[in-house]
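Asker: To start, I am sharing the structure in question, which I have written as structure tokens.
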Amino acid sequence: MKSKSYAVMGALLTVALASPAVFAASKADIDAGVARTRHEFSHLDPQNKDLADKAYGELVFPELTKGGVGIAGEFGEGALVVHGKTQAYYSLTAASIGLTLGGAQHSEVLLFMTPDALNKFENTKGWSVGADAGVALISSGSTKSYDTETLKKPILAFVFGEKGLIGDASVEGAKINQIER
């Protein structure tokens, strides 16, 4: 019976990841979420606003949702903000196989600290955070526990606002693609 549940869950997950348009938000919904997330991010730590002000671009995902049993998926939509203006809309999709159980949501902000990092992102289809060695992952949106060398990376990725419960020990492949809205 358990194997049938896993098969059904896997099939549903495959359909969901193959059809992200099913979850598509409107431009207004994404813009409102991005504004709210940028505000929250800047208030988590005084340094966050300074870093965002220095960044050449901010890729903001207000709500990334991950869930599964064994096989998991993650999806969310956001926007690239350059000098306070939305440049384009993006989706993040990921699938993982491993020891995953549960569901959770979080927000994510990627700061492109150099013009080259922003240019590379904008000109790469199917960009993957993990494939770029110049990314520093900083969880909970706080810069307090990271040294100045970490903050010198060309891309800073902040994960914060975690909600839900998920146990995850998996190998993940996430892709970020531009979407039309």
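Asker: Inside the stretch 113-133, can you point out the residues that are hydroxyl-bearing (Ser, Thr, Tyr), modelled with pLDDT of 85 or more and either part of a helix (DSSP H, G or I) or touching a Gly at 6+ places or on another chain (Cβ under 9 Å) (or both)?
Answerer: Answer for the stretch 113-133, where residues must be hydroxyl-bearing (Ser, Thr, Tyr), modelled with pLDDT of 85 or more and either part of a helix (DSSP H, G or I) or touching a Gly at 6+ places or on another chain (Cβ under 9 Å) (or both): just Thr114.
Asker: Looking at the stretch 86-103, is at least one residue under 18 Å from Ile155 (Cβ atoms), free of Cβ contacts under 8 Å to residues at least 40 places away in the same chain and not in a helix (DSSP H, G or I)? Let's see the steps before the verdict.
Answerer: Kept after step one, since they are under 18 Å from Ile155 (Cβ atoms), are these residues of the stretch 86-103: 87-88, 90, 92, 94.
When the remaining residues are screened for being free of Cβ contacts under 8 Å to residues at least 40 places away in the same chain, the result is 87.
Remaining after also requiring not in a helix (DSSP H, G or I): 87.
Checked the stretch 86-103: at least one residue is under 18 Å from Ile155 (Cβ atoms), free of Cβ contacts under 8 Å to residues at least 40 places away in the same chain and not in a helix (DSSP H, G or I).
Asker: Out of curiosity, is Gly141 assigned to a helix (DSSP H, G or I) and at pLDDT below 75?
Answerer: On the way: assigned to a helix (DSSP H, G or I): no; at pLDDT below 75: yes.
Taking the combined requirement at face value, the residue does not satisfy it.
Asker: Look through the stretch 38-55, keep the residues that are farther than 18 Å from Thr114 by Cα, in contact (Cβ under 8 Å) with a residue 60 or more places away in the chain and in a helix (DSSP H, G or I), and return whichever of them is farthest from the chain's Cα centre (by Cα). If you could, list the steps in order and put the result at the bottom.
Answerer: We begin by selecting, within the stretch 38-55, every residue farther than 18 Å from Thr114 by Cα; these are 38-46.
Those left that are additionally in contact (Cβ under 8 Å) with a residue 60 or more places away in the chain: 38, 40-41, 44-45.
Of the ones still in play, those that are also in a helix (DSSP H, G or I) are 38, 40-41, 44.
Working: Arg38: 13, Glu40: 15, Phe41: 14, Leu44: 17 Å.
In this case the residue turns out to be Leu44.
Asker: Ok, one more. Does Glu74 satisfy the condition of being within 18 Å of Ser139 (Cβ to Cβ) and modelled with pLDDT of 95 or more?
Answerer: Values: within 18 Å of Ser139 (Cβ to Cβ): yes; modelled with pLDDT of 95 or more: no.
When the stated conditions are applied, Glu74 does not pass them.
Asker: If I ask for residues that are among the aliphatic types (A, V, I, L, M) and more than 25 Å from Leu151 (Cβ to Cβ), which ones from the stretch 63-115 would you list? Let's see the steps before the verdict.
Answerer: Of the residues in the stretch 63-115, the ones among the aliphatic types (A, V, I, L, M) are 64, 69, 71-72, 79-82, 88, 92, 94-95, 97, 99, 101, 104, 109-111, 113.
Result: Val69, Ile71, Ala72, Ala88, Ala94, Ala95, Ile97, Leu99, Leu101, Ala104.
The values are calculated or read from the model by the stated rules, or taken from the named source; none is laboratory data. Being a predicted model, the structure only gives us computed values, none of them experimental. Reconstructed Cβ throughout: ideal geometry from the backbone, glycine too, with neighbour counts over all protein chains shown.
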